[in-house]
1. Taking G229 as the residue in question, decide whether it is modelled with pLDDT under 95 and crowded, with 24+ Cβ neighbours inside 10 Å.
2. Looking at this structure, is G269 touching a residue at least 12 places away in the same chain (Cβ under 8 Å), assigned to a loop (DSSP other than H, G, I, E, B), under 23 Å from F214 (Cα atoms) and within 21 Å of the chain's Cα centre (by Cα)?
3. So which of A162, A203, A224 is over 21 Å from G361 (Cα atoms), touching a Phe, Trp or Tyr at 6+ places or on another chain (Cβ under 8 Å) and among the small types (G, A, S)?
4. Given the condition out of contact with any strand residue (DSSP E or B) (no Cβ under 7 Å at 6 or more places or on another chain) and surrounded by fewer than 16 Cβ atoms within 10 Å (Cβ to Cβ), answer yes or no: does some residue in the range 280-288 qualify?
5. Quick one: count up the residues across the range 197-237 that are in a loop (DSSP other than H, G, I, E, B) and either closer than 20 Å to V77 by Cα or charged (D, E, K, R) (or both).
6. Within the range 71-94, identify whether any single residue is on the phi > 0 side of the Ramachandran plot and not small (G, A, S), and answer yes or no.
7. Name the one entry in S180, S113 that is buried (at least 19 other Cβ atoms within 10 Å of the Cβ) and part of a strand (DSSP E or B).
8. Listed residues A350, A386; which is more than 23 Å from I126 (Cβ to Cβ), at pLDDT below 95 and among the aliphatic types (A, V, I, L, M)?
Amino acid sequence: MRKMFLFIIFLFGTTLLAAQNNAPGRLLVGAAEAVINPDSESFLAGYDQNRRSTGVHDNLFVKAVVVSNKLNALALVTIDCIGLPYPVVQQIRDAVELKLPPGVFNAGQIIVSSTHTHSGPDVIGIWGKDMAHTGTDSAYIGFLVKTTAEVIEKAWKRRQQAVAKYADTVFGEGWVENVSDSLEIDRSVTTVQFTAPGGKNIATLTNFACHPTFLGRENTLVSADFPSGFYKQMKKGVGGINLYVQGAIGGWVQPEKVARTFEEAEKKGAALATAVTGALKQAKKLEGTGISFASRRFEMPVSNNGFKQMTAAGIIKRDISDGTPTEIAWFTIGNAAFATHPGETSPLYAFATKKLMTNKGPKFVIGLGQDELGYILKPDFFEPGAKLHAAPYLTGMSPGEQAGSAMLQVLTELAEQNEGK
């Protein structure tokens, strides 16, 4: 009997130890940022060809947050640019692997999103001297890749024990509009904050959908647009590193009835930060410390002949034929859920994505996540004689009619995969 008793105690202890070894443990979070202004004249992305920068009004940033526990880790990166193509995201991962080998950190679990400022260097290629010349500067892309990898490495090394909380609010009533379909818009603001046990802010992630287009085509100064005001006010309000995570802005979700000035951009960005810091006063604790990550590389269908021709001419430097490789990620941190959209998506797809999320906490739809494939539009835009505003232009800057359904299919599969874990 004594031997049997000792054997049972041994089994119980072994099972308990195994359970402890498989527990995620506490969250560790680190954050870092760097300025990524071009050091010389560059073609500015957005609006027209041959729009060259003449100086810097405010800084462009790359910002990174690394979140880990005993079992898993991921990095979320935001970059002040028009939209980073998937091949460049892969270059960033390769650069990180040289600094943090696979046995230390899985670079495949880096998520990169872009704020979509129209006052930063052309990183896609279509805003060069003319339609026969690329606007992308390979030296700047190399600098961007190197700097982003360094920022991720710094964030990794700065990890410390963290407490997470979240808050939701709404913002933009009266000036953020979906110009193409006024009844379809998501004005929700979702924020997750990571603080040290003493309360000092490590980092915040704020998800909101609005084109950074306060500055029009006449502007030639480098600027992050309204995220600049957001960064400055968040720094004053909570300190730490603060990321603006773009949402679903397809169909021209943008500022309307506002002055197209630097002052107005800064003012509205600061107002967003004030809304966030106010909401955080009523924040809820993020439940759990588990981290899950799933992603799917797939061929996005492309029927836009203009995209194919620009690739063939070397204007856009990626493989585009009847499809192009891209990626969608789905991940969770505690009871927060995140999903990426590889371009500027109709708000309809943000609502559909959030409906797939069964978590009880915050829901993030990351626009221009892992890629920038242009406008990913709901089918209505492609109907003959579509009445939606600017439909001919928007469809001309879209991979094609099948892109939305292809994206949603992958998101659905990833959601089901996450539920099975």
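The values are calculated or read from the model by the stated rules, or taken from the named source; none is laboratory data. What you see is a predicted model, and the numbers here were worked out from it, not measured in a lab. Every residue, glycine among them, receives a Cβ derived from its backbone with ideal geometry; neighbour counts consider all protein chains shown.
1. No.
2. No, not satisfied.
3. Residue meeting the stated conditions: A224.
4. yes
5. Initial filter on the range 197-237 (in a loop (DSSP other than H, G, I, E, B)): 197-200, 209-220, 223-225.
So of that shortlist, the ones also either closer than 20 Å to V77 by Cα or charged (D, E, K, R) (or both) come out as 200, 209-212, 217-218, 223-225.
Qualifying residue count, the range 197-237: 10.
6. no
7. On the way: S180 fails: part of a strand (DSSP E or B).
Unique residue meeting the criteria: S113.
8. Testing whether each residue is more than 23 Å from I126 (Cβ to Cβ), at pLDDT below 95 and among the aliphatic types (A, V, I, L, M) leaves just A386.
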